[in-house]
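Novice: Okay, here's the structure, questions in a sec.
The values are calculated or read from the model by the stated rules, or taken from the named source; none is laboratory data. Since the structure is predicted, the reported quantities are computational estimates derived from the model, not experimental observations. Heads up, the Cβs are rebuilt from the backbone with ideal geometry, glycines too, and the neighbour counts pull from every protein chain shown.
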Amino acid sequence: MFERAFFHDGMIALQEQFDGRRLADRLDQATKHYEFSEDDRKLIEAAPFFFIASAWGEYVDCSIKAGDPGFVKIVGPGVIEYPEYDGNSTYRTLGNISKNSSVGLLFMEFDGKTLKLRANGRATVYSNPETLARHYGAKLVVRIECEIYPNCPRYAPSMKADKPSIYPPRPDAPSPIPEWKRLDIVRDVLPQNDPHADEVNRQQR
C-alpha cells in the first residue's frame, strides 16, 4: 500500500503561520484513505478524463489523460490503471515516471458541486500482453497505488458538458487523424509505428 507522511516541512510551516495546523491534521485523520469509497468509484468509472502531475528534478509536467468513460479501471481497493494511447512521442509523463514513481492525480466534474478526488500515488508502467489486453488501443498501461483525499468543489466552475472526443481508440471505429500530424513540421518524422503515418504520407503525395 502506498503510504507516507501527508505533510512535509514546507506545508507544516505555512499551516502554522496561518493557524491551519489543527484543521490540516483533522482533514488528514478524517478524510485521507487508501481504499476507494463508493463515491470515489462512481467518479473514476464515469470519468472521461483526469489530470496527472509528474516530476523529475527540474522536469515538472502536468497532463490530461482522456478516453471514453471506463478507460480508467479500478484494479484493487486503492489501485487504478489507465492506458497510454498514441501521442506526440515526447513521453513527458512516462519519462518522469521512469525516474520518479511519485505522481499526483485530480479527478473532477465541472458541475460546481461534486467533490473533487485528489490522490498521491506511486506509478508503475506495464507492457505485458495480459495488462495491455484490458485497455483497447493502449501502447502501455500505467498502474497507480493511491493515497486518496476528497477536495471541496468550491471555486470549481459549472460548465455545460459537450460531446465526447472523437479520438480515443475504439474497437468499432478507427481513430481519425489529429490535425497536428498533418503539419509540415512533423509529418515526415512521425514514428514508424504511428497508426496514422501511412495515411498521412499517402494523402500528401
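Novice: Say whether the condition of being touching an Asp or Glu at 6+ places or on another chain (Cβ under 8 Å) and surrounded by 13 or more Cβ atoms within 10 Å (Cβ to Cβ) is met by at least one residue in the range 16-30.
Specialist: No - not one qualifying residue is present in the range 16-30.
Conditions (1) more than 18 Å from residue 31 (Cβ to Cβ); (2) of a type in the set (D, E, K, R); (3) in the same structural domain as residue 47 (by TED's automatic domain parsing), marked per residue:
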residue	(1), (2), (3)
95	yes, no, yes
98	yes, no, yes
111	yes, yes, yes
118	no, yes, yes
124	yes, no, yes
138	yes, no, yes
141	yes, no, yes
146	no, no, yes
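Novice: Conditions: (1) more than 16 Å from the chain's Cα centre (by Cα); (2) closer than 21 Å to residue 2 by Cβ. Residue 112 meets all but one. Number of the miss?
Specialist: Among (1) more than 16 Å from the chain's Cα centre (by Cα); (2) closer than 21 Å to residue 2 by Cβ, residue 112 violates only (2).
Novice: Then there is this: Tally up the residues in the range 44-78 that are over 30 Å from residue 174 (Cβ atoms) and over 13 Å from the mean Cα position of the chain (by Cα), please.
Specialist: 9
Novice: Let me ask something additional. Considering 154, 143, 134, which residue is basic (Lys, Arg) and either buried (at least 17 other Cβ atoms within 10 Å of the Cβ) or assigned to a strand (DSSP E or B) (or both)?
Specialist: 143
Novice: Related question: For the condition out of contact with any helix residue (DSSP H, G or I) (no Cβ under 8 Å at 6 or more places or on another chain), β-branched (Val, Ile, Thr), at pLDDT 95 or above and more than 29 Å from residue 183 (Cβ to Cβ), what is the one hit in 80, 74, 144?
Specialist: Numbers: 80 fails: out of contact with any helix residue (DSSP H, G or I) (no Cβ under 8 Å at 6 or more places or on another chain); 74 fails: out of contact with any helix residue (DSSP H, G or I) (no Cβ under 8 Å at 6 or more places or on another chain).
Step by step, each of 80, 74, 144 is checked, and only 144 is out of contact with any helix residue (DSSP H, G or I) (no Cβ under 8 Å at 6 or more places or on another chain), β-branched (Val, Ile, Thr), at pLDDT 95 or above and more than 29 Å from residue 183 (Cβ to Cβ).
Novice: A follow-up question, please. Can you pull out every residue in the range 142-164 that is under 16 Å from the mean Cα position of the chain (by Cα) and within 15 Å of residue 49 (Cβ to Cβ)?
Specialist: Passing the criteria: only 142.
Novice: Here's a follow-up. Would you say residue 53 is surrounded by 12 or more Cβ atoms within 10 Å (Cβ to Cβ) and aliphatic (A, V, I, L, M)?
Specialist: Considered against the rule, which asks whether it is surrounded by 12 or more Cβ atoms within 10 Å (Cβ to Cβ) and aliphatic (A, V, I, L, M), residue 53 comes out as yes.
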